[in-house]
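The structure appears below as structure tokens.
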Amino acid sequence: MKIKLNTILWELLGGMSMNLSYIQQIDQYLHLYITIGLVMFVALLTIWLVILTFRNSRLRKKYEAYIQNPDGKKIETIIDEYYNDFNSHKNTVHKIDKQLSDIQIQNLKNFSKIGLVRFSAFSEVGSDLSFAIALMNSKNSGFVITSIYGRNDNRLYAKPLENGSSSYRLSEEEELAIKQAMES
């Protein structure tokens, strides 16, 4: 290596008339400088490695403290449990949503509008013992029942309703009961 370096230097200098001992001195100093530079570089890398190792150990301790639950469970386990609970609740919500939709569809058919009118059908009978009651769903379909109370008898009539009206003739009291039901 020493001979090659000397030869390279000799060629670089272009064959100048330099003393061979001078070239050997340069060669010795060059090896010395390169060695010192490499030793310093390795020393800096070692110091940097030690600093990074300490930082890594501190971060690892903080991470371990962070992911440990006071109950001793790891955070990954807790997250898995929450995820499973979430999926379970999600399925339950879907079932409840479907049930609610079914109930809403059924509720359209239920009687949700009611109107009641009491009246005295005959002047000789006291009190308002006669009545008309209208029962309708959300589409204003249903029926109206009228009870006419007399001294000797009681008569009951039922008339179907479609969209708030009937194909049968309605009395004033029945129309008033239907109007009350539609407004309720």
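The values are calculated or read from the model by the stated rules, or taken from the named source; none is laboratory data. What you are looking at is a predicted structure, and each value in this text was computed from that prediction instead of being measured. Every residue, glycine among them, receives a Cβ derived from its backbone with ideal geometry; neighbour counts consider all protein chains shown.
Quick look at the numbers
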quantity: Qualifying residue in the stretch 85-92 (condition: of a type in the set (Ser, Thr, Tyr) and outside any helix (DSSP H, G or I)); calculated: no
quantity: Selection from the stretch 128-171 of residues that are outside any loop (DSSP other than H, G, I, E, B) and basic (Lys, Arg); calculated: ARG155, LYS159
quantity: When residues of the stretch 151-163 are limited to those that are surrounded by fewer than 17 Cβ atoms within 10 Å (Cβ to Cβ) and closer than 16 Å to PHE111 by Cβ, the one farthest from the chain's Cα centre (by Cα); calculated: ALA158
quantity: LEU100 outside any helix (DSSP H, G or I) and either touching a residue at least 40 places away in the same chain (Cβ under 8 Å) or on the phi < 0 side of the Ramachandran plot (or both); calculated: no
quantity: ILE148 being in the same structural domain as PHE119 (by TED's automatic domain parsing), under 14 Å from GLY115 (Cβ atoms) and surrounded by 13 or more Cβ atoms within 10 Å (Cβ to Cβ); calculated: no
quantity: Some residue of the stretch 67-74 being out of contact with any strand residue (DSSP E or B) (no Cβ under 9 Å at 6 or more places or on another chain) and in the same structural domain as ILE148 (by TED's automatic domain parsing); calculated: no
quantity: Pick from the stretch 51-84, criterion of a type in the set (S, T, N, Q) and not in a helix (DSSP H, G or I), ranking: surrounded by the fewest Cβ atoms within 10 Å (Cβ to Cβ); calculated: ASN69
quantity: Identity of the residue in the stretch 92-115, surrounded by 14 or more Cβ atoms within 10 Å (Cβ to Cβ) and among the hydrophobic types (A, V, I, L, M, F, W, C), that ends up modelled with the lowest pLDDT; calculated: PHE111
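Residue by residue, here is whether (1) of a type outside the set (D, E, K, R); (2) touching a residue at least 24 places away in the same chain (Cβ under 8 Å) holds:
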{"site": "GLY115", "(1), (2)": "yes, yes"}
{"site": "SER123", "(1), (2)": "yes, no"}
{"site": "ASN140", "(1), (2)": "yes, yes"}
{"site": "VAL144", "(1), (2)": "yes, yes"}
{"site": "ARG151", "(1), (2)": "no, yes"}
{"site": "ASN154", "(1), (2)": "yes, no"}
{"site": "LYS159", "(1), (2)": "no, no"}
{"site": "LEU176", "(1), (2)": "yes, yes"}
